[in-house]
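First up is the structure itself, then whatever we jot down about it.
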């Protein structure tokens, strides 16, 4: 299919193309002015400590104000682009009519810029001289370049103060998935190497993220104090995390197994691949190790689900303040840590079933009250047929 159109619309000598080319020149000039302004180092970004451990605040300071010539050039760009559109709309109106335009029609001709289909339809009937000014071909051409949406907020309208609705939809709350004890034991029993057992033990006891534990170096391990140093994901700061004694036992077995095969040094990575030649263990390689174990055990655990498991265990311990759990997990907000106070569905079901079983057991063990003084138990059984089958 071949579509033909009037070649005069792309004639560079027309008024709308002249104004568009003029706007293009202003854009090139604006880029040069912005480059010169940025080259003068007009601002500085300085980190400052805050009241929260391991968190920094950045202060932005401007030493040189934005030159006035930049804002005036932006105005020139917008003025020329708008003038090009108005000139184009005038020509479209002129070609839509078989007779010359009246003074009122010339004034009513304009390029529509609308946010909703309703605004676009009202544009052609808003003024008396604009009714019938543009034919169906012109309206379709204008509509093709509009960004219309029934839910679009008009840029000149203020934001509505709403807690939920069009622009702030309610999101379902998600309960983090933890690994049940039976599933964890099944996974741990199928781990093929001491390195993998050490990794899983550290994930389960420290609550560190997968990438954070892989950032540990050989000099960051302190078995005597049961501490391992990791680089936090958000702040990129080094933090020492307590771990279980079993994790350090498996780590020592892994180090003995790989002695002489991996580079030694305090700055060397702690975790390495088992295949030769050895390379530092990456996140994707560790995740692939979990996938292989899951296929064998028929489970779906991930390193991050082990972090959730450790977080639940810490949050449920009455001897651990929630602020301590927040610091160990590396959460910036305490509200994030409070998610782990939500009871897990499987735990609620288990406790409710135990409650019902206890109620039934206590009801069966509950003894009948003794008869009042002066009444014979045998006579009461005959009278109320309590001994009847």
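The values are calculated or read from the model by the stated rules, or taken from the named source; none is laboratory data. Model, not experiment: these values are computed from the prediction. Every residue, glycine among them, receives a Cβ derived from its backbone with ideal geometry; neighbour counts consider all protein chains shown.
Inside the stretch 297-311, residues that are within 22 Å of residue 343 (Cβ to Cβ) and part of a helix (DSSP H, G or I) make up a count of 8. The numbered conditions (1) out of contact with any strand residue (DSSP E or B) (no Cβ under 7 Å at 6 or more places or on another chain); (2) part of a strand (DSSP E or B) are all true for residue 65 except (2).
Whether a residue is at pLDDT 90 or above and within 23 Å of the chain's Cα centre (by Cα) was assessed, and residue 327 passes this test. The set of residues in the stretch 208-221 that are outside any loop (DSSP other than H, G, I, E, B) and in contact with a helix residue (DSSP H, G or I) (Cβ under 9 Å, 6 or more places away or on another chain) comprises 210, 211, 212, 213, 214, 218, 221.
Restricted to helices (runs of 4 or more DSSP H) entirely inside the stretch 100-149, those with at least 1 residues that are over 19 Å from residue 87 (Cβ atoms) are 117-123, 136-144. If the condition is being without any contact (Cβ under 8 Å) to a residue 60 or more places away in the chain and out of contact with any strand residue (DSSP E or B) (no Cβ under 8 Å at 6 or more places or on another chain), then the stretch 226-246 contributes 236, 244, 245, 246.
Of the candidates 261, 253, 191, the single residue that is in a loop (DSSP other than H, G, I, E, B), farther than 19 Å from residue 328 by Cβ and in contact (Cβ under 8 Å) with a residue 40 or more places away in the chain is 191.
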